[in-house]
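The values are calculated or read from the model by the stated rules, or taken from the named source; none is laboratory data. Everything numeric here is computed off the predicted structure, so don't read it as measured data. Cβ atoms come from the backbone with ideal geometry, glycine included; neighbour counts cover every protein chain shown.
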Amino acid sequence: MKHSKQVPLILLGAVTALTGCGKANNVPATARQDTYANVDDCRKDWGNGNWCNSSTSSHGGSAVYAGPRYYWDRDAGRAMVIENGEARPAANGEASRGGPSHATGTESVAVTRGGFGATAHGGEGGAHGGGGGESGGG
Amino acid sequence: MRRLRISPRPDYAARLEAIGLSFHAWDDYWCEEVCYRFTSEQIDLLEARTAELHRMCIEAVKHVILAKRLGQLGIPAAYWQAIETSFMRNEFSLYGRFDLAYDGVSEPKLLEYNADTPTSLLESAVAQWYWMKEKFPEHDQFNSLHERLVERWQSLHSPDNRIHFASLADNEEDWVCVHYLMDTAKQAGFDVCHIAIEKLGWDRGRNSFVDENNVPISTLFKLYPWEWMMREEFGPMTVASVTRFIEPMWKSVLSCKGILPILWELYPGHPNLLPAYFEPGLLSSYAKKPLFSREGANIVLVENGKVIADDEGPYGSEGYIYQALHKLPDFDGNYPVIGSWIVGDQPAGICLREDALLVTTNMSNFIPHDFVRTDEGRCWAACPG
């Protein structure tokens with residue numbers, strides 16, 4: 001036998017079970033992010049979290065090391081770190097208030113979007129004449 | 001291999017919609033007024049040749065990388081090292097689909113390999129499976145796609161046990177294909193969620209793509225071709241990103257039509273390949289194909305110097321290849337192409353697209369298939385129903 005014994009579906013055909021990654025929380029779209037000349041300076045300000053990775057400066061040129069995205073919660077009077085899409089109060093060792101910052105720059109940053117899809121939307125036609133745009137598949 | 005006229009299931013539209021094949025009626029895409037019937041020997045042959053082609057393709061990728069020929073395939077230099085790394089790490093690949101010309105008698109010939117973003121998956125894995133079970137339950141079908149997809153997902157490690165799936169917004173066909181894959185990944189035990197490719201975010205601080213909640217994406221299945229990604233704004237971010245992509249970047253080598261002349265160089269005279277060249281003028285009858293094109297667009301068929309078929313489209317700026325003309329078999333004025341699926345490294349089934357034209361396009365019909373054991377002597381030519 002060369003066919004599947006069963007082909008159960010648990011998502012398709014059951015609209016309520018479909019899963020999106022839609023925006024669901026109140027984390028602000030724009031936050032601040034400090035950048036550093038080296039990883040050590042970044043760690044001094046932000047500890048050993050999942051940040052301070054090397055990346056290219058948005059202005060081009062040499063590598064920079066960026067701390068987490070954060071914002072100031074006026075109501076709570078404290079810094080909030082955005083991690084895994086959730087905001088949480090900055091912990092000890094993170095953004096040590098009053099201490100000297102080692103940052104070489106601070107940017108008001110939003111996660112950038114819209115960097116994929118241009119080719120498809122520059123095309124014409126659609127799959128089966130009714131797909132509403134170029135297909136990414138084939 | 002025969003093309004048989006049969007009666008459709010009276011409620012087939014409702015049945016297709018119940019499994020999520022929402023676009024079955026567009027341009028009469030799904031057609032079950034006919035079917036193709038194979039013998040078990042023919043299916044065994046297709047399975048064996050598919051495995052052989054897959055093995056040859058992996059060797060071809062290795063050759064292209066080691067011989068530093070990625071530029072000849074129109075792949076920008078900024079991605080060469082990342083492709084090599086992706087291949088040497090044997091990064092997880094889910095699936096691919098060979099398009100074959102086959103008449104049931106001669107050796108099947110490779111027309112091209114959709115290694116990066118093949119669609120027609122729900123109809124191949126599920127819709128034609130139900131069709132066979134309801135119309136010809138005593139027959140068999142070369143279609144273990146569903147089981148193999150679930151099994152293949154189970155071999156993947158995703159650090160957060162989650163897989164994001166991205167496809168173009170407002171494209172129903174892609175949405176359906178991706179949601180079927182999400183279904184199989186969920187059955188394999190993963191958390192899954194969908195995002196429009198246009199809404200993907202880039203978090204520079206984390207070197208990671210993120211979803212709409214700014215959650216870092218560890219594993220991203222994208223139904224969006226690498227040749228487009230590499231030329232778009234976020235393309236350079238994929239090189240050093242911590243996000244892992246499915247299909248991986250090394251599959252971009254195989255989804256380029258330039259792999260066809262490479263294969264012919266490596267395996268000259270192979271019975272399942274057609275002569276193919278980067279240079280024009282070596283063939284009098286040929287198919288001129290852009291290095292990158294989709295669903296038959298911009299392909300020109302030339303016979304003895306005369307154009308016999310062509311299809312318009314936006315592709316071709318990166319160059320062309322020239323493949324010996326091999327006309328599709330004629331079944332009552334219809335020209336089928338066999339899509340032969342690979343999941344992981346294993347052949348997993350076939351699907352058939354049929355057109356009244358020699359170039360198979362996105363307007364072609366999907367035709368279900370089954371096969372019978374010829375030694376049992378039943379229903380070979382036609383069955384009631």
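One table, with the values for the structure above:
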item: Helices (runs of 4 or more DSSP H) completely within the stretch B:1-110 that count 2 or more residues being of a type outside the set (A, V, I, L, M, F, W, C) and under 24 Å from residue B:138 (Cβ atoms); result: B:12-18, B:40-66
item: Candidates B:330, B:355, filtered to the one that is farther than 23 Å from residue B:228 by Cβ, at pLDDT below 95 and either touching a Leu at 6+ places or on another chain (Cβ under 9 Å) or of a type in the set (D, E, K, R) (or both); result: B:355
item: Residues of the stretch A:1-43 satisfying the condition of being at pLDDT below 70 and in a helix (DSSP H, G or I); result: A:15, A:16, A:17
item: Residue list for the stretch B:117-154, filter: within 17 Å of residue B:191 (Cβ to Cβ) and of a type outside the set (A, V, I, L, M); result: B:153, B:154
item: Strands (runs of 3 or more DSSP E) (entirely within the stretch A:49-114) containing at least 3 residues that are at pLDDT below 70; result: A:105-110
item: Within the stretch B:219-238, tally of residues that are at the interface with chain A (Cβ under 7 Å from one of its Cβ atoms) and either surrounded by fewer than 22 Cβ atoms within 10 Å (Cβ to Cβ) or over 23 Å from the mean Cα position of the chain (by Cα) (or both); result: 4
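For (1) more than 14 Å from chain A (Cβ to nearest Cβ); (2) within 18 Å of residue B:343 (Cα to Cα); (3) out of contact with any Asp or Glu (no Cβ under 6 Å at 6 or more places or on another chain), each residue gets a yes or a no:
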{"residue": "B:67", "(1), (2), (3)": "yes, no, yes"}
{"residue": "B:88", "(1), (2), (3)": "yes, no, yes"}
{"residue": "B:111", "(1), (2), (3)": "no, no, no"}
{"residue": "B:116", "(1), (2), (3)": "no, yes, no"}
{"residue": "B:152", "(1), (2), (3)": "no, yes, yes"}
